[in-house]
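Notes to accompany the following structure.
Every read-out reported here was derived from the displayed coordinates using simple, explicitly stated rules and does not represent laboratory data. Note that the structure is predicted; figures quoted are calculated from it, not measured. Cβ sites come from the backbone with ideal geometry, for glycine too, and all protein chains shown count toward neighbours.
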């Protein structure tokens, strides 16, 4: 960012030496933050570093234990979000707070509806909404129902909601976590439009690339402590990552060159339909060999989700073959696939990956509870189950320790993912399928996950990686297959890939 | 965090305390009604307690409790495995009718053969009743709650129909079946009953209830079958992904649950009723089972205790009219207890509101931060 809209002489937000304690636990320990008019300011930190706690204090959801908050140079005591809104602060939460069956307009004006006498004046409401949406280039359909629009659109509605209430300072909490790459580009455009108009934006994130692309300044928090505020132009992603994690982070995955072996997964002329009954995988062919990682790059909705569901046995296909080590697992059960060499890290870890109410030890035996040593003659053997869990927790760095008997639902997202990875990697099947394996994880955890995936490859397993993160695909894959409109349209060596070409191919623009 | 726990924290985190509190509240509400009616609370509750604490009284309680425990286990088992067996009523009815048919038609068989046969027939009938519903659910996605309620009525009329078949129907004028053969009866010997001064219907069905309690606990906690069924109950998607056959699990769970409810029907018939009347309305054992499972937190041992408690309320309640209090008071108490157990949410919310008043914090935030601290 060129900082062309930043007015360094006008600080709009100053948070001074903010301390927030929960009991004995210090969530924020002397944090300083200054945001100017027309500035995009990123707050960077690992999961649980105290970013959200800091912003919740700025938005009046929490009260600081000590420290001052100044808005437009004036000290302000915020007791609830109402005070923050009155001071011109708006917040878009990570999980949207919209009324699903209401229209876009109804959601935006909710709580501040214009009235005519005692009647709602929806015509005026709609006019106002269209007006601000045009002013900031946030195009939306004011009459669409929330339940019918995409996540990216819902986010726009949240932003418009804040603007409608007169916000000059916008807090965006992890705004890109559920967006597609296209939607992220659009969001960054919108943010630029807003600062051009004199608004200020604070974004909470742990994605370094987006900070580089959008922010002017970045404040780094680690374990509740203020680390630094840096000019984004003067640092690179490695600097940001090291400051955030407190150690050197390697983005380049150490991947020795090796010759792939025989074919493990062979998908031939696969056809299947999506939940609406529309054909979405249209004659797809794909091969993964021993000792290689094949990455599937593609824009969401081009059939990659359904492809994985068919391979893992969760979805019935229309026709084709899915050979795993020569055995056709097409339209068989997940158990059949597992028995013939398929293990997978599913896209939705809470829905498919874990039984959240089960303890960690029980989750770790989800596929092999029926085998020795975990059970004998249909009776579970608790001792081996427990020691298996202890070993996995140690080896895969699952935190907190000694959590064998804790329900999986009490772990943080990154640690839940580690439980799944521990299970699937230890199953030691010939084929590992990983779908968005690092979604929502911070760089420290991502590093671990990548290491385990590459380890499997190095051990001579076949790995199929499906991810919406192009960087992940490019840094891990030996071969990148681009999926478009239900087919693999091109297949290129990972070492020769670049983002632009991939982007074009993913949009169906070019075939290699 | 070393924060001192508030009373509300304590209640909402501890199921046992929560249930005791709900029971106390039930009696409190009952007391209010007694006071409104101008009756002595002490006298009524004193009667309730004294009627169940004598040896004879308690033997009545146990006899009452047998079907409640077993049907309670049936419902609790279904809760654990993610289906809501509201059809225990119908399974109970077909179970007791199957036991009656065997107990009447095969009455000449010797006791050691006939009794297990009656049990088996009842369990099979209950299991079939449960599996039909499960089949409708897994095959065509028909909501099990709706079909179970319908199957309760089908069982009801089927039972009345069978009771009218000449080979089964009473020879006398009673609108009921014949009595089952004495070889099918689980009553203790007259001699023993008189010597110990027990209730005339004292029977050893309670042993079956104890065995079933242990068996259900064992299946749920110790076997791979229990693991599968629970996995499907908690998250069928992850279970399927993990390679468990979800539909087969649902059918198995309903079969076991149905068999238990059917067995409850047999125990009731062979220990207490000895014949089945033509019903004019549903008897409600299945619904009592839901109450017992709720009070027992779906834990087999909890269900056993809850079944005894429910039996005590039912028997003790029937004695309330001796002090001029209406027996319906028991329904008020039971209703209130269930109400407070079911709205455990209230305790959660009270806790949340109190926390919010002190510091408006999102409940998840401190826990998440805590994770960070350990990194």
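For the pair residue A:29 and residue A:327, the difference between a 0.36 nm per residue extended length and the Cα-Cα distance amounts to 101.5 nm. Once the Cβ-Cβ distance of residue A:21 and residue A:197 is raised to the sixth power relative to R0 = 35 Å, the FRET efficiency obtained is 0.40. Largest GNM mean-square fluctuation among B:252, B:177, B:223, using chain B with Cα springs under 10 Å: B:223.
I need the calculated FRET efficiency for the pair residue A:209 and residue B:301, taking r as the beta carbon distance and R₀ as 45 Å, to the nearest 0.05. Efficiency computed from Cβ-Cβ geometry: 0.20. Counting only other chain Cβ atoms within 10 Å of each residue's Cβ, the peptide A:351-357 averages 6. The simple spin-label model puts a point 7 Å past each Cα toward its Cβ; for residue A:395 and residue A:247 those points are separated by 2.0 nm. Would you please classify the overall shape of chain B from the alpha carbon gyration tensor, given that a ≥ b ≥ c denote the square roots of the eigenvalues, rounded means a/c under 1.5, and beyond that prolate means a/b larger than b/c while oblate covers the rest? In terms of gyration-tensor shape, oblate. Counting beta carbons within 10 Å around each of A:418, A:196 and listing the fewest first gives the order A:196, A:418. Using alpha carbon centroids, what distance separates region A:106-169 and region B:149-217, in Å? When both Cα centres are located, 67 Å separates them.
Of the two radii for the protein assembly as shown, the radius of gyration is 1.04 times the Kirkwood radius, both from the alpha carbons; that is the Rg over Rh value. Spatially, region A:259-297 and region A:354-429 are offset by 30 Å when compared through their Cα centroids. Springs join every pair of Cα atoms under 10 Å in this Gaussian network model of chain B, and among B:131, B:208, B:303 the largest mean-square fluctuation is at B:208. Taking the 0 to 90 degree range and rounding to the nearest ten, how far is the long axis of helix A:382-395 tilted relative to the main principal axis of chain A, both from C-alpha atoms? On a 0 to 90 degree scale, this one is about 60.
Angle of helix A:181-196 to the longest C-alpha principal axis of chain A, folded into 0 to 90 degrees and rounded to 10: 10°. Per-residue extension of 0.36 nm, minus the Cα-Cα distance of residue A:75 and residue A:258, leaves a gain of 59.7 nm for this segment. What percent does the relative contact order of region A:82-233 come to when contacts are Cα pairs within less than 8 Å and at least six residues apart? Computed value for region A:82-233: 26 percent relative contact order. For the protein assembly as shown, the share of DSSP beta bridges that are antiparallel, to the nearest 5, is 60%. Annotation: for a label point projected 7 angstrom from Cα along Cα→Cβ of residue A:94, residues of region A:37-65 with backbone N closer than 16 Å are A:43-57. Taking the longest Cα principal axis of chain B as reference, the axis of helix B:15-36 is set at about 70 degrees. A simple spin-label model places pseudo-atoms 7 Å from Cα toward Cβ; at residue A:285 and residue A:491 they are separated by 0.8 nm.
Where only DSSP H runs of four or more residues are counted, chain B gives -24000 deg cm²/dmol as its mean residue ellipticity at 222 nm, each run worth -39500 (n - 2.57). Taking only Cα atoms and a 10 Å spring cutoff, compute GNM fluctuations for chain B and point out the largest among B:233, B:311, B:95. Maximum fluctuation in the GNM of chain B, among the listed residues, is at B:233.
Remark: mean inter-chain Cβ contacts per residue of B:224-236 equal 5, using a 10 Å Cβ-Cβ cutoff to other protein chain atoms. Between residue B:331 and residue B:279, the FRET efficiency estimated from the beta carbon spacing at R0 = 25 angstrom works out to 0.80. Ranked by the mean number of other Cβ atoms within 10 Å of their residues, highest first, the peptides A:332-342, A:451-461, B:254-264, A:159-169 come out as B:254-264, A:159-169, A:332-342, A:451-461. Taken residue by residue and averaged, Cβ atoms of other chains lying within 10 Å of the Cβ of A:411-417 number 2.
Only helical runs count toward this figure. For chain A, summing -39,500 (n - 2.57) over DSSP H runs of n ≥ 4 and dividing by all residues gives -9000 deg cm²/dmol at 222 nm. The simple spin-label model puts a point 7 Å past each Cα toward its Cβ; for residue B:40 and residue B:167 those points are separated by 5.8 nm.
Mean separation of Cα pairs under 8 Å and 6 or more residues apart, divided by the residue count, gives chain B a relative contact order of 34 percent. Counted over chain A, the DSSP beta bridges are approximately 60% antiparallel. Considering only alpha-carbon pairs that sit under 8 angstrom and 6 or more positions apart, the relative contact order computed for chain A is 14 percent.
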